[in-house]
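Student: Got a structure for you, written out below as C-alpha cells; questions coming shortly.
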Amino acid sequence: MALAFVKRSFQAGRQAQWRHFSAQTGVAGVRHDWTREEIREIYHEPLLELIFRAASVHRSYFNPREVQQSTLLSIKTGGCGENCGYCSQSQSFKTAVKPTPMMQVDEVLEAARRAKEAGSTRFCMGTAWRGVGQKNAFKHILTMVKEVSGMGMETCCTLGLLNAEQAKQLKEAGLTAYNHNLDTSPEHYPNIVSTRTYADRLETLANVREAGISVCCGGILGIAETEEDRVGLLHTLATLPEHPESVPINALVPVEGTPLGDRQIRMGTGVTWRDMMRSIATARIVMPRSMVRLSAGRMEFSQEAQAMMFMAGANSIFTGDKLLTTPNPKFSEDSKMFELLGLTGKKPFTGPTASLRPSWAEAEAETPQTPGSPGHELPHVSDPMWQSAKPREVTF
C-alpha cells in the first residue's frame, strides 16, 4: 500500500511538472481551432520568448538534431500560363528563363540517384504549368514517381492543380507527398496571382488528402505581404482538419523581370532572418507535428541565422545547387554546415516522435476532436470564409 502511494505521488508530481511545462511553453497538444488572434499574439511575442517556446514544442515532437535533406528538380521548366507575380517561369513576364521540354525519365532517375548519394531522403519533381490536365506527360511522371519511390526515397511532386483521379493515380504510383502552396493570406492572394483562385488551391489540397497522399503546403515571405498576411496564412494552415505534414517557409528570391522580383530589387530590401524566425517559430507552435521546411532563399542567410531557425523548429532543408530555377546551397556546403552544427540527416518515412513526452500527455494530445468543432471540416471551395475575404490592393 505504501509503495502504491509513493507511485501515485510520483505520477502526480510528473503530471504537475508536465502541466507547468505546458503552461510555460505552449506544448499542449495538436489543435485545429486556433483563432487568428491567438496566432497573431504568438507571432508578435518577444523574439527570444518566441524562440524558446517554439524550441520547447519542437523538442517534444522531434529529435532537434535531425534535419531532413530534400532535393527539388524542375522536370519541365518555363512557359507556364499562370501569372504568379514572383515566378520566373511565367510566360507573362520577360525573364531569362526559357521554356524547355520535359526531362526524360532516365535523366530524372539519374538526378534522384545523385541526390540520394549526397544525403537527400526526399526527391521532389516540379513542372511549370497550370495543372496536369490530360497531358501525355502525366504517364511519364507516374513512371518517374514509381521508379524514385523504388529507390527508397520519399517522393514528392508539385504539378499545379490536381483533380481527384490524378491524385489517385499518383498515390497508386507510390507518391509520398504533393506540394501545393497557398502562398499567402486569402486577403493578399489576389495581388499575387489572378489565374487561379484560393479556392482552386484548397480544392487541390482536398483531392490530395482524399487520395491518401501527405500534404506539403506553405507560403512565401517577401511578396509585398504584411505581418498580418503571414499570420493569416498560418491561420489558414493551422485550422485545416489535418495539418499539412510539411510546411515549407520560403523567402522570395527576386528574379529580374517578375513584378515582385523587380519590386524587391528596386526597394533594395529583402526578407530578414527575423522575418523567417517568426514565421518558422509560429508554424512550429501551431502545427507541432508538421515538418517545417526551410526552403527557398536560404542562400541569403548565414549559417548562424540558419542555426537559429533550426532551433526554432525548422527540420528540413532543400539542398543542391538549384531550387527549380534559382540558386541554392550545394550539397557540399550543407554537409559542412551539418558537421559544424552537429546535425544529422533524418531518415525517410519517419514522422514526429512522442518519446520525450509522458504517455498520458500524448494520449491527451491525440484525443480526436468532436465533429463540427472549429476547423474539423475542410472548408468547402464555395465557403463564404474564402469568398468573403476582402482583397487588399497593393501596387508593385
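Student: For G160, indicate whether it is farther than 18 Å from P248 by Cβ and either in contact (Cβ under 8 Å) with a residue 24 or more places away in the chain or buried (at least 24 other Cβ atoms within 10 Å of the Cβ) (or both).
Tutor: Taking the combined requirement at face value, the residue does not satisfy it.
Student: For the range 171-185, name all the residues that are buried (at least 24 other Cβ atoms within 10 Å of the Cβ) and hydrophobic (A, V, I, L, M, F, W, C).
Tutor: Selection gives L175 alone.
Student: What are the residue pairs meeting all of these: first residue in the range 202-223, first residue among the basic types (K, R), second residue surrounded by 21 or more Cβ atoms within 10 Å (Cβ to Cβ) and not in a loop (DSSP other than H, G, I, E, B), Cβ atoms under 7 Å, and 6 or more apart or on different chains?
Tutor: Close Cβ pairs (under 7 Å, with a partner that is surrounded by 21 or more Cβ atoms within 10 Å (Cβ to Cβ) and not in a loop (DSSP other than H, G, I, E, B)) amount to R209/V215.
Student: Scan the range 141-157 residue by residue and report those that are surrounded by fewer than 17 Cβ atoms within 10 Å (Cβ to Cβ) and farther than 15 Å from A115 by Cα.
Tutor: Matches in the range 141-157: T143, K146.
Student: Give the number of residues within the range 123-157 that are in contact (Cβ under 8 Å) with a residue 24 or more places away in the chain, farther than 30 Å from F331 by Cα and among the polar types (S, T, N, Q).
Tutor: Qualifying residue count for the region: 0.
Student: Continuing with the same structure: I'm trying to understand the selection: among the residues of the range 113-129, which are surrounded by 24 or more Cβ atoms within 10 Å (Cβ to Cβ) and modelled with pLDDT of 90 or more?
Tutor: Selection gives A115, S120, R122, F123, C124, M125.
Student: Are any residues in the range 290-312 crowded, with 17+ Cβ neighbours inside 10 Å and either part of a loop (DSSP other than H, G, I, E, B) or among the polar types (S, T, N, Q) (or both), and if so, which ones?
Tutor: Answer for the range 290-312, where residues must be crowded, with 17+ Cβ neighbours inside 10 Å and either part of a loop (DSSP other than H, G, I, E, B) or among the polar types (S, T, N, Q) (or both): S290, S295, A296, G297, F301, Q306, A312.
Student: Tell me the residue from G257, G270, G297 that is at pLDDT below 95, of a type in the set (G, A, S) and in contact with a Gly (Cβ under 7 Å, 6 or more places away or on another chain), please.
Tutor: G270
Student: For the range 236-275, give me the residue count where each residue is in contact (Cβ under 8 Å) with a residue 24 or more places away in the chain, over 10 Å from G222 (Cβ atoms) and either within 14 Å of the chain's Cα centre (by Cα) or not in a helix (DSSP H, G or I) (or both).
Tutor: 18
Matching residues to (1) within 19 Å of the chain's Cα centre (by Cα); (2) over 25 Å from Y178 (Cα atoms); (3) at pLDDT below 90; (4) part of a loop (DSSP other than H, G, I, E, B):
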residue	(1), (2), (3), (4)
A23	no, yes, yes, no
A28	no, yes, yes, yes
D33	no, no, no, yes
I39	yes, yes, no, no
L48	no, yes, no, no
A54	yes, yes, no, no
R59	yes, yes, no, no
Q69	yes, no, no, no
L73	yes, no, no, no
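The values are calculated or read from the model by the stated rules, or taken from the named source; none is laboratory data. Note that the structure is a prediction, hence the values are computed from the model and not measured. Counting neighbours? That spans all protein chains shown, and the Cβs are built from the backbone with ideal geometry, glycine included.
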